[in-house]
1. Can you report the number of residues in the stretch 65-83 which are more than 24 Å from residue 30 (Cα to Cα) and not in a strand (DSSP E or B)?
2. Could you check, for the stretch 61-69, whether at least one of its residues is touching a residue at least 12 places away in the same chain (Cβ under 8 Å) and out of contact with any helix residue (DSSP H, G or I) (no Cβ under 8 Å at 6 or more places or on another chain)?
3. Name every residue in the stretch 47-69 that is loosely packed, with under 10 Cβ neighbours inside 10 Å and under 18 Å from the mean Cα position of the chain (by Cα), in order of residue number.
4. Taking residue 22 and the conditions (1) in contact with a helix residue (DSSP H, G or I) (Cβ under 6 Å, 6 or more places away or on another chain); (2) touching a residue at least 24 places away in the same chain (Cβ under 8 Å), which numbered condition does it fall short on, given that it satisfies the others?
5. Is it fair to say residue 39 is surrounded by fewer than 11 Cβ atoms within 10 Å (Cβ to Cβ), on the phi > 0 side of the Ramachandran plot, part of a loop (DSSP other than H, G, I, E, B) and touching a strand residue (DSSP E or B) at 6+ places or on another chain (Cβ under 7 Å)?
6. Here's a check for you: in the stretch 71-87, which residue that is farther than 23 Å from residue 32 by Cα and either free of Cβ contacts under 8 Å to residues at least 12 places away in the same chain or touching a strand residue (DSSP E or B) at 6+ places or on another chain (Cβ under 6 Å) (or both) is surrounded by the fewest Cβ atoms within 10 Å (Cβ to Cβ)?
7. I need the full set of residues from the stretch 1-16 which are surrounded by 11 or more Cβ atoms within 10 Å (Cβ to Cβ) and either touching a residue at least 60 places away in the same chain (Cβ under 8 Å) or in a loop (DSSP other than H, G, I, E, B) (or both), in order please.
8. Which of (1) loosely packed, with under 12 Cβ neighbours inside 10 Å; (2) closer than 23 Å to residue 8 by Cβ; (3) more than 18 Å from the chain's Cα centre (by Cα) is the odd one out, the single condition residue 31 does not satisfy?
């Protein structure tokens, strides 16, 4: 499912216009992004938790040349599915 299909499904399920559904989805993604930038977690009970994790610097290897390269430390977004979502998918 892509973004347009998700907007269509949200509009249908919630009896909203597509424009309202698009604004709702953009608001959700914007607010989750803002919270993660601040270092906060976003927990949606039954769905899952979005969080930030620090990935340390490490040594890697260029697959084309085999040369050793240094990979910088960075923060990465993580998602852990909640129990309800996990059981619904299984």
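1. 6
2. No; the residues of the stretch 61-69 include none that is touching a residue at least 12 places away in the same chain (Cβ under 8 Å) and out of contact with any helix residue (DSSP H, G or I) (no Cβ under 8 Å at 6 or more places or on another chain).
3. Within the stretch 47-69, 53, 54 qualify.
4. Just one mismatch for residue 22, condition (2).
5. So residue 39 passes the test.
6. By that ranking, first place goes to 87.
7. Within the stretch 1-16, just 16 meets the criteria.
8. Just one mismatch for residue 31, condition (3).
Bear in mind that the values in this text are calculations on the coordinates, not laboratory data. Not measured: the values here are computed from a predicted model. Glycine gets a Cβ as well: all are built from the backbone with ideal geometry, and neighbour counts include every protein chain shown.
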